[in-house]
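Let me begin by presenting the structure, written as structure tokens, before commenting on it.
The values are calculated or read from the model by the stated rules, or taken from the named source; none is laboratory data. Quick caveat, the model's predicted, so the values are computed rather than measured. Every residue, glycine among them, receives a Cβ derived from its backbone with ideal geometry; neighbour counts consider all protein chains shown. Note: accessible area is taken over every heavy atom of the protein model, side chains too, but ligands, DNA and RNA are not part of it. Shrake-Rupley method; radii C 1.70, N 1.55, O 1.52, S 1.80 Å.
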Amino acid sequence: MAGIGQGPFIAGNWKMHLTRPEARALAQNVVAAMPGLQESRIVLIPPFTVLGEVGAVLAGSDVRLGAQDLFWEDRGAYTGEVSAPMLKEAGCAHVLVGHSERRQYFGETDETVNRKVHAALRSGLSPIVCVGEVLEERESGRTTERIDAQLSAGLRGLSPAEMAGIVLAYEPVWAIGTGKTASPGQAEEVHAHIRRRLRDNYGNDRATCAIILYGGSVKPANSYPLFKEKNIDGFLVGGASLDAADFIGIAGEALRAYGEEK
Ligand code: PEP
């Protein structure tokens with residue numbers, strides 16, 4: 001992505017957790033660790049209620065702010081929803097789209113993902129678009145079929161130039177919050193597949209520069225071997241992002257792997 005460095009991209013999805021003081025303290029700890037994490041691209045993704053609080057802590061640092069979801073209209077009578085211009089004004093650089101929990105509990109479909117991706121880009125937000133198979137799809141050999149369907153419907157209508165503003169996250173649903181991580185080999189197989197698809201659809205340059213994150217029970221202990229894989233550019237971290245030491249540890253391990261030959 002233009003203008004945002006090349007090192008490991010580590011995003012922390014705080015989900016529906018943390019009070020204001022807790023959020024502030026966690027953000028402060030992450031900012032304080034940044035001198036040791038130069039070259040990393042760090043994003044904190046708190047709940048809507050503390051975006052302002054966390055944004056104030058991140059101001060002037062290299063840590064960027066993200067939101068967990070958005071609605072595709074810019075304004076209007078949509079009670080309970082938050083729009084891309086609102087998130088932009090709140091200081092967000094990124095927004096998650098299509099997280100498996102949104103798909104599973106809140107009726108998110110590939111079509112709504114696509115509308116949200118377009119809305120985010122229209123407002124200058126970089127969407128982090130999540131894809132991933134459920135266990136039954138993996139066990140029946142339909143992983144890449146599912147990923148392809150999510151990519152083609154979720155990214156429909158985007159130009160190669162617009163693709164430069166997108167981050168992808170491969171998150172096998174069976175690995176999210178379960179303590180089960182995909183092995184580095186399993187994750188790399190899907191990441192390489194995604195990059196091939198991007199190459200076919202948007203050209204070699206766009207595919208080479210694309211940021212493809214892995215998510216699913218990432219911890220300091222498994223982040224080094226995962227990041228060593230050629231096509232894994234960083235992590236989307238859920239549970240472990242709520243603990244400053246773990247989150248910083250994950251970023252540190254990724255940076256260690258980044259410093260070595262892939
Ligand atoms: C996530 O929420 O995107 C995630 C990967 O969660 P966890 O790290 O807890 O599995």
Open item on the list: Given a 1.4 angstrom probe, what's the average accessible area per residue across the chain, in square angstrom?
Closed with: 43 Å²
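Pop the C-beta distance of residue 79 and residue 178 into the FRET formula with R0 = 45 Å and round what comes out to the nearest 0.05. Could you put the intermediate results ahead of the total?
Numbers: r = 33 Å, r/R0 = 0.74.
Working from the Cβ atoms, E equals 0.85.
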- [ ] List the residues whose amide H sits under 5 Å from the amide H of residue 9, counting only those 5 or more places along or on another chain, with H placed 1.01 Å from N in the peptide plane.
- [x] 41, 234, 235
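Quick check on my link table: of 88/219; 15/88; 116/180, which ones sit more than 25 Å apart, alpha carbon to alpha carbon? Don't jump to the answer; show the numbers that get you there.
Values: 88/219 30 Å; 15/88 19 Å; 116/180 29 Å.
Over 25 Å Cα-Cα: 88/219; 116/180.
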Task: Sequence ranges 23-30, 244-251, ranked by mean other-Cβ count within 10 angstrom, highest first - done: 244-251, 23-30
Task: Anchor residue 262: aspartates and glutamates whose Cα lies under 14 Å away (excluding residues fewer than 8 positions away in-chain) - done: 188, 229, 233, 253
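Enter the per residue convex hull volume of the chain, computed from alpha-carbon coordinates, in Å³ rounded to the nearest integer. Walk me through the numbers before you get to the answer.
Values: hull volume 30.7 nm³, N = 262.
About 117 Å³ per residue, rounded to a whole number.
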Open item on the list: Let me spell out the model: positive unit charges on the Cβ of Lys and Arg, negative unit charges on the Cβ of Asp and Glu, origin at the Cα centre of the chain. What dipole size does that give, in debye rounded to 20?
Closed with: 260 debye
Task: Nitroxide proxy distance, nm - points 7 Å out along Cα→Cβ at residue 6 and residue 25 - done: 3.9 nm
TODO: Output the relative contact order of region 153-262, whole-number percent, from Cα pairs under 8 angstrom with separation of 6+ residues.
DONE: 28 percent
Task: For region 157-228, with +1 on Lys and Arg beta carbons and -1 on Asp and Glu, the positive-most of 208, 221, 176 along the dipole - done: 221
Open item on the list: Relative contact order of the chain, please, whole-number percent, based on alpha carbon pairs below 8 angstrom and at least 6 residues apart.
Closed with: 20 percent
- [ ] Determine, from the Cβ-Cβ distance of residue 106 and residue 38 and an R0 of 35 Å, the FRET efficiency 1/(1 + (r/R0)^6), rounded to the nearest 0.05.
- [x] 0.40
Open item on the list: Could you tell me the center-to-center distance, by alpha carbons, between region 1-79 and region 116-166 in angstrom?
Closed with: 21 Å
